[in-house]
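Visitor: One structure, as structure tokens, below. Some questions next.
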Amino acid sequence: MNVALIFAGGTGQRMNSRAKPKQFLELHGKPVLLYTLDHFEEHQEIDHIIVVCLENWINELQLMLHRYDFKKIIKIVPGGSTGHESIYNGLKAMENICNKDDIVLIHDGVRPLISEELISENIAKAKKYNTAITAEAAKESVVQSRDGARIDHVPERSTMYVAKAPQSFNYPLIWKYYQMAQKEGLLSIDSAHLLSIYGVEMHMVKSTPNNMKITAPTDYYIFRALYEAMENKQILGI
């Protein structure tokens, strides 16, 4: 099976939205999270979806999913205090669902501009290599600083990429390392970062354009503009 694990457990502190977490901000009356879920719901190769959600928003999410007639979502799991913990909770909820050859696609609930092709490429590469990390070539020079004041290193830009999502894995492999991290008290920025800590070989999938994560208020307005531009192109053929 191919199972999408969508984590939407964050409170969105950088969004400065007092009324709603960022994943529940709406465009045309529909929450951002549901735009993200649509891609996995409609993809023929995705068998199931598990959503990790803020605990006090689970009931609201269930009502939304019923309203929009989602069929593939089999579990909604309470999130943790960090993205790392939310992913751990989601992977744990899959223990009695996934088998040794199953693929899990881990994706941000606030990354709604992915494509069918990107999901397909993630599945194909993860089946072949056990790992598939969506990445985008860096558009500007990347600098490294250990203290936030002095620049220690400026790598060659042509070799630099930005990790995005989905990040897809053989389920037993990624669950093994999250359990190890839990025992050792390690926290990671994302799943690719976690595997890099343990020295696991990873394989890249080139990201599609505009695969943005909605984190700050400006991101929401960029998403709205991009989405409406794509809708106009589809409707008007421009």
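Visitor: Taking the condition in contact with an Asp or Glu (Cβ under 6 Å, 6 or more places away or on another chain) and part of a loop (DSSP other than H, G, I, E, B), does ARG150 pass?
Guide: no
Visitor: Could I ask something else about it? Scan the stretch 94-112 for residues that are closer than 28 Å to PHE24 by Cα, open to solvent by less than 20 Å² (accessible area, probe 1.4 Å) and of a type outside the set (D, E, K, R) and jot them down.
Guide: MET94, ILE103, VAL104, LEU105, ILE106, HIS107, GLY109, VAL110, PRO112
Visitor: Looking at (1) of a type outside the set (Gly, Ala, Ser); (2) surrounded by fewer than 17 Cβ atoms within 10 Å (Cβ to Cβ); (3) assigned to a helix (DSSP H, G or I), find the lone condition where TYR178 falls short.
Guide: It is condition (2) that TYR178 fails.
Visitor: Could you give me the residue pairs with C-beta distances under 6 Å whose first residue belongs to the stretch 75-88 and is in contact (Cβ under 8 Å) with a residue 60 or more places away in the chain, whose second residue is in a helix (DSSP H, G or I) wherever it lies, and which are 6+ apart or on separate chains?
Guide: That search, which allows pairs on different chains as well, returns PRO78/GLU55; GLY79/SER86; GLY80/SER86; GLY80/ASN89; TYR88/TYR178.
Visitor: Considering only the stretch 207-224, state which residues are open to solvent by 60 Å² or more (accessible area, probe 1.4 Å) and assigned to a helix (DSSP H, G or I).
Guide: Answer for the stretch 207-224, where residues must be open to solvent by 60 Å² or more (accessible area, probe 1.4 Å) and assigned to a helix (DSSP H, G or I): THR218, TYR221, ILE222, ARG224.
Visitor: Within the set of pairs 6+ apart or on separate chains, which have a first residue in the stretch 133-146 that is free of Cβ contacts under 8 Å to residues at least 60 places away in the same chain, a second that is surrounded by 14 or more Cβ atoms within 10 Å (Cβ to Cβ) and of a type in the set (A, V, I, L, M), and C-beta atoms under 7 Å apart?
Guide: These pairs meet every condition: ALA138/MET160; VAL142/MET160.
Visitor: Within the stretch 26-59, can you find the residues that are among the acidic types (Asp, Glu) and within 21 Å of SER81 (Cβ to Cβ)?
Guide: GLU55
Visitor: Go through (1) of a type in the set (Lys, Arg); (2) farther than 25 Å from PHE223 by Cα; (3) assigned to a loop (DSSP other than H, G, I, E, B) for LYS183 and report which single condition fails.
Guide: (3)
Visitor: Taking the stretch 70-94 as the search range and keeping residues that are in a loop (DSSP other than H, G, I, E, B) and at pLDDT below 95, which one is farthest from GLU45 (Cα to Cα)?
Guide: SER81
Visitor: For the stretch 102-125, state whether one or more residues are in a helix (DSSP H, G or I) and under 30 Å from GLY185 (Cβ atoms).
Guide: So far as the stretch 102-125 goes, yes, one or more of its residues are in a helix (DSSP H, G or I) and under 30 Å from GLY185 (Cβ atoms).
Visitor: Give the residue, chosen from VAL143, VAL162, that is under 13 Å from ALA192 (Cβ atoms), open to solvent by 40 Å² or more (accessible area, probe 1.4 Å) and at pLDDT 95 or above.
Guide: VAL162
The values are calculated or read from the model by the stated rules, or taken from the named source; none is laboratory data. All figures in this text were calculated on a predicted structure; none of them were measured in a lab. Backbone-built Cβ (ideal geometry, glycine too); neighbour counts: all protein chains shown. Accessible surface areas use protein heavy atoms only, side chains included; no ligands, DNA or RNA. Shrake-Rupley method; radii C 1.70, N 1.55, O 1.52, S 1.80 Å.
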